[in-house]
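Enquirer: Attaching a single structure in structure tokens format; questions to follow.
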């Protein structure tokens, strides 16, 4: 991870060894944050597995905050999906008996 | 609180609702493709991320679970995350596959490299979670990251075959090399680590090569743990795909001949014809079965009677495993891998000070 920007509000993170899998889902979670004015990601070159992830915040909130919140929210989503999925599988297999 | 709205306002609200949660298939293109429900886009809608609201709206329904195939629905999630799961299932769930083939003797007509390529593609029934990744630059392989298989087979002539027979099955022994001829050779203390395990290819009847008398194959194979991103042989799914739930609405009542024609335009079971007061009336019975061939748009009289759309946040996943791991385990692993990626960046954020 490398960060680089003019002030704390507009930061471009360079995420190594990542592609659309994390890029798009993280972008979605960060966009859902009302403090974020702009969020986008791009793949610098298809031969390199590296993405530029840019966050611009409204006001004076440091851009690292929505990034961190986005990651935590995404983890929360995955955890809930995993729990729901496993519960449904258990219900289905026990209902079969 | 539901505020009473005027008719025009209701129509406008229906329009935005449609834009928000349906992807509409028009005659010449698809509209409303991108998710637009981000905070600030629609006044009056609460779009900021709320874990509790997500959990209330989210559900998973397992539709069909047969050996190797799992079909389940995920409702209430966005395309970005559903696609992330699909991409991880295809490319980032690790498996074991043959990586290095040590050829001691190969006098068959299958070239060494072709034989090695074919051996690499054979799915090996070994739980990848029991193994580690091989370290970079490690040529030998230790018992915690490598599985060794041997394929040693020689074709010979059958002395008891009838003189005039031309059936190779009768004339020769071992002329077809199947994956069942691959045997596991335990390395180091693997017999103690895996006492009841029986590592072998998933299917016994994969034809590897054909031989004739005098030809033999004697190879030693090393299997390592890898991911589909590196080589497609490591992909644990035959395929994993999703589609959005179709949503077909009849804009006007359709009767008689038009109803019959409409029924033929869709996949069987989607439109059913009911007899109401002597007239045949069409009704959408089960939109889920449709494959959206857009046949309706080819008929002038029918194309304005229906609206073809898809529900934006209802994903019908279909995961078909190659047999290494059951598909429900694969989905759980994929979700855990996405969590692992997030955790990795959270740890980096916390450890590296941002300037």
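Enquirer: Mean residue ellipticity at 222 nm from the helices of chain B, using -39,500 (n - 2.57) per DSSP H segment of n ≥ 4 over the full residue count, to the nearest 500 deg cm²/dmol?
Expert: -7500 deg cm²/dmol
Enquirer: If you don't mind, another one. Specify the inter-centroid distance of region B:98-150 and region B:221-235, based on alpha-carbon positions, in whole Å.
Expert: So the separation of the two Cα centres works out to 9 Å.
Enquirer: Let me ask you something else. Which of B:156, A:93 comes first, and how do the rest follow, when ranked by fewest Cβ neighbours within 10 Å?
Expert: With the fewest neighbours first, B:156, A:93 line up as A:93, B:156.
Enquirer: Related question: Against the longest principal axis of chain B, how steep is helix B:7-21, in degrees 0 to 90 to the nearest 10, with axes from Cα atoms?
Expert: 10
Enquirer: Please give the helix B:327-351 orientation as an angle from the longest Cα principal axis of chain B, in degrees from 0 to 90, rounded to the nearest 10.
Expert: Tilt of helix B:327-351: around 80 degrees.
Enquirer: Among A:59, A:70, A:40, whose mean-square fluctuation peaks in a Gaussian network model of chain A (Cα, cutoff 10 Å)?
Expert: Comparing A:59, A:70, A:40 in a Gaussian network model of chain A, the most mobile one is A:59.
Enquirer: With contacts defined as alpha carbon pairs under 8 Å and 6 or more residues apart, what's the relative contact order of chain B in percent?
Expert: 24
Enquirer: Just check the protein assembly as shown against the gyration tensor rule for me: Cα atoms, a ≥ b ≥ c as the square roots of the eigenvalues, rounded for a/c under 1.5, and otherwise prolate or oblate depending on whether a/b exceeds b/c. Could you put the intermediate results ahead of the total?
Expert: Details: a/c = 2.66, a/b = 1.40, b/c = 1.91.
The shape class here is oblate.
Enquirer: What average number of partner chain Cβ atoms lie no more than 10 Å from the Cβ of the residues making up B:333-341? Present the calculation step by step, with values, prior to reporting the outcome.
Expert: Numbers: counts 1, 2, 9, 3, 2, 9, 8, 2, 11.
Across B:333-341, the average partner-chain Cβ count within 10 Å equals 5.
Enquirer: Report the residue, chosen from B:191, B:146, B:95, that carries the largest GNM mean-square fluctuation when chain B is represented by alpha-carbon nodes joined by springs under 10 Å.
Expert: Comparing B:191, B:146, B:95 in a Gaussian network model of chain B, the most mobile one is B:191.
Enquirer: Given the convex hull of the Cα atoms of chain B, what is a quarter of its surface area in nm²?
Expert: Values: hull surface 127.1 nm².
Averaged projected area of chain B's Cα convex hull equals 31.8 nm².
Enquirer: Further, regarding this structure: Taking square-rooted eigenvalues a ≥ b ≥ c of the alpha carbon gyration tensor, is region B:157-209 rounded, prolate or oblate, where a/c under 1.5 means rounded and, failing that, a/b exceeding b/c means prolate?
Expert: Verdict is prolate for region B:157-209.
Enquirer: Find the relative contact order for region B:1-153 and round it to a whole percent, using C-alpha pairs within less than 8 Å whose residues are 6+ positions apart.
Expert: Reported as a whole number, the value is 10 percent.
Enquirer: Still on this structure, please answer the following. Please work out the Cα center distance from region A:27-97 to region B:249-300, rounded to the nearest Å.
Expert: If we compute the Cα centre of each part, the gap is 40 Å.
Enquirer: Gaussian network model of chain B, Cα springs within a sub-10 Å range: biggest mean-square fluctuation belongs to which of B:264, B:277, B:225?
Expert: Ranking B:264, B:277, B:225 by mean-square fluctuation puts B:277 first.
Enquirer: Please determine, in degrees from 0 to 90 and to the nearest 10, the orientation of helix B:79-91 with respect to the longest principal axis defined by the Cα atoms of chain B, where the helix direction is its Cα long axis.
Expert: 10
Enquirer: Take peptide A:15-23, look around each residue's Cβ out to 10 angstrom, count Cβ atoms belonging to other protein chains, and average those counts.
Expert: Taking all residues of A:15-23 together, the mean is 5.
Enquirer: If you don't mind, another one. Subtracting the Cα-Cα distance from 0.36 nm times the residue separation, let me have the gained length for residue B:176 to residue B:75 in nm, one decimal.
Expert: Here the answer is 31.5 nm.
Enquirer: Rounded, prolate or oblate for region B:95-235? Axes are the square roots of the Cα gyration tensor eigenvalues, ordered a ≥ b ≥ c, and the cut-off for rounded is a/c under 1.5.
Expert: Here region B:95-235 falls in the prolate category.
Enquirer: Also, I was wondering about something else. Fewest first, what order do A:74, B:151, B:211 take by the number of other Cβ atoms within 10 Å?
Expert: If I rank by nearby Cβ atoms, fewest first, I get B:151, B:211, A:74.
Enquirer: If you rank B:149, B:131 by fewest surrounding Cβ atoms within 10 Å, what's the result? Could you put the intermediate results ahead of the total?
Expert: Numbers: B:149 22, B:131 19.
Neighbour counts put them in this order, fewest first: B:131, B:149.
Every read-out reported here was derived from the displayed coordinates using simple, explicitly stated rules and does not represent laboratory data. Worth saying up front: this structure is predicted, and the values here are computed from it rather than measured. No Cβ is skipped: glycine too gets one built from the backbone with ideal geometry, and neighbour counts run over all protein chains shown.
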